1. Counting only residues that are more than 28 Å from residue 198 (Cα to Cα) and either in the same structural domain as residue 362 (by TED's automatic domain parsing) or without any contact (Cβ under 8 Å) to a residue 12 or more places away in the chain (or both), give me the helices (runs of 4 or more DSSP H) lying completely in the range 1-113 with at least 1 of them.
2. Look at the range 85-108 and say how many of its residues are in contact with a helix residue (DSSP H, G or I) (Cβ under 8 Å, 6 or more places away or on another chain) and under 15 Å from residue 143 (Cβ atoms).
3. Among the numbered criteria (1) surrounded by 23 or more Cβ atoms within 10 Å (Cβ to Cβ); (2) out of contact with any helix residue (DSSP H, G or I) (no Cβ under 7 Å at 6 or more places or on another chain); (3) within 28 Å of residue 396 (Cβ to Cβ), which single criterion is violated by residue 174?
4. Just for the range 395-427: of the residues that are closer than 18 Å to residue 67 by Cβ and surrounded by fewer than 17 Cβ atoms within 10 Å (Cβ to Cβ), which one is modelled with the highest pLDDT?
5. When the range 441-459 is examined, which residues are found to be farther than 18 Å from residue 394 by Cα and buried (at least 17 other Cβ atoms within 10 Å of the Cβ)?
6. List the number of the failed condition for residue 191; all other conditions in (1) within 13 Å of the chain's Cα centre (by Cα); (2) buried (at least 22 other Cβ atoms within 10 Å of the Cβ); (3) closer than 30 Å to residue 482 by Cα hold.
7. Checking residue 291 against (1) buried (at least 18 other Cβ atoms within 10 Å of the Cβ); (2) touching a residue at least 60 places away in the same chain (Cβ under 8 Å), only one condition comes out false. Which one?
8. Test of understanding: among 124, 111, which residue is in contact with a helix residue (DSSP H, G or I) (Cβ under 7 Å, 6 or more places away or on another chain) and farther than 26 Å from residue 233 by Cβ?
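The values are calculated or read from the model by the stated rules, or taken from the named source; none is laboratory data. It should be emphasised that the depicted structure is a prediction, and the values quoted were computed from it without experimental measurement. Cβ placement follows ideal geometry from the backbone for every residue including glycine, while neighbour counts extend to all protein chains displayed.
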């Protein structure tokens with residue numbers, strides 16, 4: 001076999017091996033999570049004799065669709081008013097400013113301590129706003145809610161007691177709920193993926209004592225923990241993941257409570273979803289670049305170091321998926337041209353078993369999140385989820401690559417449309433650029449792979465190419481549709 005086909009087969013095999021390792025990691029977390037659910041469940045903690053001072057920070061930037069809702073939800077929190085400080089950290093440049101000011105004035109007139117904090121510039125984006133807010137409050141504990149969240153009034157009464165049980169607890173993170181799960185196919189797919197993170201990954205890591213992450217919102221920090229870990233940094237797009245690792249490397253303990261749900265809105269448009277995915281995947285790569293060496297030089301147990309590495313490198317799977325997908329179409333022709341090496345190709349196909357633990361991981365999350373009667377819809381829905389996830393591989397692989405290269409990019413927030421029939425889409429994060437065109441081209445490229453497989457009578461890569469065709473075509477279609 002000539003060198004080029006050998007190189008293609010080797011690279012493809014290495015990609016499959018990486019997917020196998022990733023999938024086994026998810027399988028391990030699933031086992032740990034199930035052990036956690038099978039064990040005794042913690043009872044709600046009793047109310048303390050004296051409640052501490054709490055600051056609720058609401059970072060905002062041009063969110064006129066949801067600004068009033070989140071301020072009203074924060075003002076409705078059931079907590080002693082004299083000990084509660086609500087900060088509206090408003091970096092907006094549009095009508096959001098006036099809407100926020102009116103709601104702040106309304107709740108101040110009711111006797112609540114609500115501050116409308118405006119900075120002269122947007123330096124540091126969300127991390128800069130959170131850091132600035134800390135200089136203007138006296139709260140011992142800091143609850144953070146993004147603009148799309150609607151916390152239950154009992155949120156603080158259910159989370160704050162965990163800090164009072166152990167002075168080394170630095171964070172209490174809760175599970176995200178979904179206000180608009182059933183709004184569209186896009187929101188249902190997102191809810192499916194996020195449920196797996198919150199019902200499996202966070203639970204499994206917590207049960208085993210591994211590092212977890214504050215999810216940027218829907219949680220509470222001990223102020224002393226933020227200060228001890230060095231405060232909010234602005235050199236990554238995931239300031240939450242960055243501070244989480246710095247805090248845990250300093251010995252702070254994180255508590256995750258999946259039974260406490262903080263409802264939030266899912267992005268309903270593809271460009272909004274892409275901006276969120278870009279920030280998460282690039283930020284994870286930036287955080288890995290920043291902290292992996294420190295993790296391995298620390299005194300943490302080997303298992304914790306390995307799991308932290310797996311955690312921080314999660315987003316890199318998109319680079320591997322994209323590379324494997326691009327190689328797979330020429331592989332159809334190599335398999336036809338060099339039939340004498342069929343054993344080699346069959347061996348490579350064995351590694352596709354690596355997807356099986358991934359199916360188990362998502363299936364378990366589905367069963368935990370959905371009523372039992374809806375479980376029969378799982379196979380088709382999972383395949384669609386897998387397909388669209390693959391369709392985002394080009395967009396997310398670019399983000400990961402930029403993160404690993406250390407390229408600085410602005411913090412593009414995910415605009416929210418608001419729920420209800422009167423929701424108006426005022427914000428967009430991008431139009432039909434070259435990347436969308438390339439996604440459409442890749443949809444056609446993988447459709448060609450489907451045709452080649454049918455022509456040669458080789459069905460080995462047919463399911464993979466079919467998923468890629470649907471995924472890239474769907475992502476391109478929704479990108480164009482929502483941009484218009």
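1. Correct list: 3-38, 96-109.
2. Result for the range 85-108: 4.
3. All conditions are met except number (2).
4. That would be 426.
5. Scanning the range 441-459 gives 450, 452, 453.
6. (2)
7. (2)
8. Testing whether each residue is in contact with a helix residue (DSSP H, G or I) (Cβ under 7 Å, 6 or more places away or on another chain) and farther than 26 Å from residue 233 by Cβ leaves just 111.
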